[in-house]
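Report on the structure given below.
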């Protein structure tokens, strides 16, 4: 029932309709609302905007099995126009959500194309297949669209507007074309990193984060030389015009001035390490307890690493902003690798039953299913709340997880 409710919510106007609205895609606030609607698809019984893993500016770091929806939009908007706060919302809270996922077995099943069944199911990047003979999707997968359904749309810089504003000479125009081509390749690289399977375990989710971050870092490295070269050819007047064009973009998309960057640090206690719950559910041996302590320490280290690399608004030029974004992504990848190494050590020592119990740990996992909703996801995100709720896994869910192992 919950899986069907998620299917219906993703196919409804709140998500599917908004994803086909290119105007909404160009607005960071609208993208955040789309990800919020998709992340809580099919849920009710609590404030749908109260998920503990929700970002400061309204979006969510995880939508079902997908980490970082609209990744290229976030990179491009921040680098070129300097106002998208979404990129800086990603931080330790997303790593915590990767370990203690807010989604249960039935929730994740709902993020697969309709008609698909259990097992390791491919759903991204085309050529979709199912472990059930003859099963075929009867609707387009909205999660895959959040990876970038149309490369032209997600990577297309407003070349005509830039040319009109800057009146470039031949050398500058060629450099701008090179930048556009690099941007297209970078967008495709990020799209190709869309997960092809649902990860039902904590190590699998952190591995998906690694893949996504590596693709984003590769994309930055593709675009950075072309952007540096193009910007370096501009004279002071042209740079001022490009800045004015960015201000026009901000006003046109409902953004005024600079945006304070949270860097994923304001978590309001939602990511406190659940030591008591781990002890109660796993009953670890002394050796396991030592590994769990190492995992806790790794998480604290990762949180500090990301806290130390928060770029405020000092990066004033497009090349400087892209460089700052690349630095942030590199540190986030290091943080994920630090935690994943310790997590792998823990999982190597757990029994299958303990792994199943570990997957049931975490806040806000016991929310009931709901029918589809057609809320207006293009509206500005409401004030955030945090919903912190512990629950015990149902026997059915536990059996399903054990079967998965």
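The values are calculated or read from the model by the stated rules, or taken from the named source; none is laboratory data. Everything quoted here is computed from the prediction, not taken from an experiment. Because the Cβ atoms are built from the backbone with ideal geometry, glycine has one as well, and the counts that use them run over all protein chains shown.
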Q) Looking at this structure, is residue 78 modelled with pLDDT of 90 or more, in a helix (DSSP H, G or I) and touching a helix residue (DSSP H, G or I) at 6+ places or on another chain (Cβ under 9 Å)? A) no
Q: Check residue 290 against each of (1) closer than 22 Å to residue 328 by Cβ; (2) surrounded by fewer than 16 Cβ atoms within 10 Å (Cβ to Cβ); (3) at pLDDT 95 or above and name the one condition it does not meet.
A: (1)
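Here is a yes/no grid of residues against (1) surrounded by 18 or more Cβ atoms within 10 Å (Cβ to Cβ); (2) at pLDDT 95 or above:
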{"residue": "316", "(1), (2)": "no, no"}
{"residue": "324", "(1), (2)": "yes, no"}
{"residue": "334", "(1), (2)": "no, yes"}
{"residue": "356", "(1), (2)": "yes, no"}
{"residue": "362", "(1), (2)": "yes, no"}
{"residue": "369", "(1), (2)": "yes, no"}
{"residue": "377", "(1), (2)": "yes, no"}
{"residue": "393", "(1), (2)": "yes, no"}
{"residue": "399", "(1), (2)": "no, no"}
Q. What number of residues in region 38-70 are closer than 17 Å to residue 17 by Cα, in contact with a strand residue (DSSP E or B) (Cβ under 8 Å, 6 or more places away or on another chain) and modelled with pLDDT of 80 or more?
A. 4
Q: Kindly indicate whether residue 199 is surrounded by 17 or more Cβ atoms within 10 Å (Cβ to Cβ) and either modelled with pLDDT under 95 or not in a helix (DSSP H, G or I) (or both).
A: yes
**Q.** Residue within region 173-180 that is modelled with pLDDT of 80 or more, in contact with a helix residue (DSSP H, G or I) (Cβ under 8 Å, 6 or more places away or on another chain) and part of a loop (DSSP other than H, G, I, E, B) present
**A.** no
**Q.** Failed criterion for residue 35 (all others in (1) touching a strand residue (DSSP E or B) at 6+ places or on another chain (Cβ under 6 Å); (2) over 18 Å from residue 147 (Cα atoms) hold)
**A.** (2)
